[in-house]
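Each value in this text was obtained by applying a stated rule to the coordinates, not by laboratory testing. Nothing here was measured: the structure is a model prediction, and the numbers come from that model. Cβ sites come from the backbone with ideal geometry, for glycine too, and all protein chains shown count toward neighbours.
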Amino acid sequence: MTTTPQSLIRLTAAQMAAKLAAGEITSVELTQAHLDRIAAVDDTINAFLHVNAGQALETAAGVDKLRAAGGTEAESLHPLAGVPIAIKDLIVTKGQPTTAGSKMLQGWMSPYDATVIEKIRAARLPILGKTNLDEFAMGSSTEHSAFGPTRNPWDTGRIPGGSGGGSAAAVAAFEAPLALGTDTGGSIRQPGAVTGTVGTKPTYGSVSRYGAIAMASSLDQIGPVARTVEDAALLHELIGGHDPRDSTSLPEQVPAFAEFAANHDVAGLRIGVIKQLQGEGYQAGVLARFQEALDTLREAGAEIVEVDCPSFDYAVGSYYLIMPSEASSNLARYDGVRYGARVLPEGGPLTIERVMGATRAAGFGDEVKRRIILGTYALSAGYYDAYYGSAQKVRTLIQRDFDAAFEAADVLISPTSPTVAFPLGEKLDDPMAMYLNDVTTIPANLAGVPGISVPGGLSEGLPVGIQFLAPARQDARVYHAAGALEKLLNDAAESPLWAQIPALVPAAGAGPDASRPAAAAPAFTPEVGGAK
């Protein structure tokens, strides 16, 4: 069978790696096929903020040269060598802009690579470019990017989730087989759910955060985005491990996650259904797919039990005090003085205070300003104990609920998102409704436990995600459970969910969708000296 560019991009990352190793395709062919796909469809999707064609093809050519030469260097290549990848534009990457989706960092070039980028470069994965996100990862829909919203490949009138909607949409639209995201309150898993992809939030500290632009340091976690559980596991193995440059990094070896993902036997596996993460506020179609997933797992021999986590009812409230508090502190560095954008005030004396005010007023979007104000208030004198301190106490209760739940179950299960992807603009004027999109994903970040979202079917023609959670340091369990459910659902269907994306994304050569608004350009030009 002749391999065409269109058939190449529809392989899984594991299949691509196998064909590369066997010499059936070259990395240059594979990388060029994805670059062509990006050129054909990204005017519609807006998944990428920067495309790095030259460097990606250079890396690909180097892999092909090593493989052609044979010998020990070829034999020592990483299994994913030559498979392209996209990077969320919150992870610093030397030689490419890192904007965090914000005017504040437009055009900023990092002088160093994040640890995960160093590992990707060492493994010789061609980096296709940087993907769109809600500004500084603050959002659940990728509508808060300073450079325009990303659109869902399943329906380009709907959101792709957030904050990492760019990475999820790129993988779903076959613009990249793999991507990296960051997950602070669900920003890998929730986009995975609404785009029909797989997203993993590793145990806090098991993947280095060095080089990830901080939003909320005690919650942020880098993780993989893929189309299959196996692909996510393979990428997780690559990026995981201890990093002495990250003070929160766990000193542990990375397990062979792909082996656990390939274990489809769930006989005797205790799966806990979280009482608080279902019911009112969840769409009927989401709950129907969730119940079908439970029935499928039960029929395969899993033991389904209900677990009670009463503190989860307060998770959203706790999160939206802790996260803005940490964000307000982390974003204080963007002052128009040290690095990033600088806006000079009009009229009056040129003082640091006025430069800072002008820069932050012009450089930050509405959602970022909202969270900075909320966080600063929660940390202010007289309110710290009532708000931030109380939220941390709730966080402890949530961790204890997890501990108790994992005594009764090996893994926990819930819908990843209470709804399918909603229309663009529907919740922009209702922050509370937007925040509630993360009701099922936030508890894992507050407790630092691993989670994964795997496609669970369709509701009204749109993907539904199923989430598995496991105890800290037991990421292998989520790959086991998710891999088993994926296999069971795929066996019962004609094709994997990700292969069923409707013909809403134009084929190669079809041209851009003129209905998509142009990416928003910054309202100011940063002073050259301000970007260092």
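Per-structure values
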{"read-out": "Lys, Arg +1 and Asp, Glu -1 on Cβ, resulting dipole of the chain about Cα centre, debye, nearest 20", "value": "1220"}
{"read-out": "Reduced Cα scattering model of segment 354-502, Debye log10 I(q)/I(0), q = 0.11, 0.17 Å⁻¹", "value": "-0.64, -1.11"}
{"read-out": "Length added when fully stretched, Gln500-Val254, from 0.36 nm per residue minus Cα-Cα", "value": "85.3 nm"}
{"read-out": "Antiparallel DSSP beta bridges within the chain, percent to nearest 5", "value": "65"}
{"read-out": "Cα-projected label distance for Glu346 with Leu287, points at 7 Å along beta-carbon direction, nm", "value": "5.4"}
{"read-out": "Along principal axes, Cα extents of segment 449-488, largest first, whole Å", "value": "36, 19, 6"}
{"read-out": "Per-bin percent of Cα-Cα distances, segment 313-395 [10 Å]", "value": "18, 39, 26, 13, 3, 0"}
{"read-out": "Per-residue Cβ neighbour rank within 10 angstrom, fewest leading, Ser167, Ser247, Ser328", "value": "Ser247, Ser328, Ser167"}
{"read-out": "Mean residue ellipticity (222 nm) of the chain, computed from DSSP H runs ≥ 4 via -39,500 (n - 2.57), nearest 500", "value": "-11500 deg cm²/dmol"}
{"read-out": "FRET E, pair Thr4, Glu75, Förster distance 41 Å, beta-carbon r, rounded to 0.05", "value": "0.90"}
{"read-out": "Arg270/Gln392 FRET efficiency (R0 30 Å; Cβ-Cβ; nearest 0.05)", "value": "0.50"}
{"read-out": "Which of Met104, Met323, Met356, Met109 has the fewest Cβ neighbours within 10 Å, and the rest in rising order", "value": "Met109, Met356, Met323, Met104"}
{"read-out": "Residues with amide H under 5 Å from that of Leu49, placed H, sequence gap 5 or more", "value": "Lys130, Thr131, Asn132"}
{"read-out": "Kirkwood Rh in Å, taken over segment 1-84 so that all alpha-carbon pairs contribute", "value": "13.4"}
{"read-out": "Using θ = phi - 60° and Karplus 6.51 cos²θ - 1.76 cosθ + 1.60, couplings along segment 422-434 (whole Hz; Gly, Pro as x)", "value": "9, x, 4, x, 4, 10, 4, 8, 10, x, 5, 4, 5"}
{"read-out": "Calculated from backbone phi, Karplus (6.51, -1.76, 1.60) coupling profile of segment 14-28 in Hz, x at Gly/Pro", "value": "5, 5, 4, 4, 5, 5, 5, 5, 7, x, 6, 9, 10, 5, 5"}
{"read-out": "Centroid-to-centroid separation of segment 283-347 and segment 31-79 [C-alpha atoms, Å]", "value": "32"}
{"read-out": "Low-density loop cleavage sites - GluC sites (Glu not before Pro) in segment 345-391, where at most 15 other Cβ are within 10 Å (DSSP)", "value": "Glu346"}
{"read-out": "D_trans [Stokes-Einstein, Kirkwood Rh over alpha-carbon pairs] for the chain, 25 °C, 0.890 mPa s, µm² s⁻¹", "value": "107"}
{"read-out": "Gain upon complete extension [Glu299, Asp313; 0.36 nm per residue less C-alpha separation]", "value": "2.0 nm"}
{"read-out": "Ranked list, fewest to most other Cβ atoms within 10 Å of each Cβ, for Asp366, Asp134, Asp335", "value": "Asp366, Asp335, Asp134"}
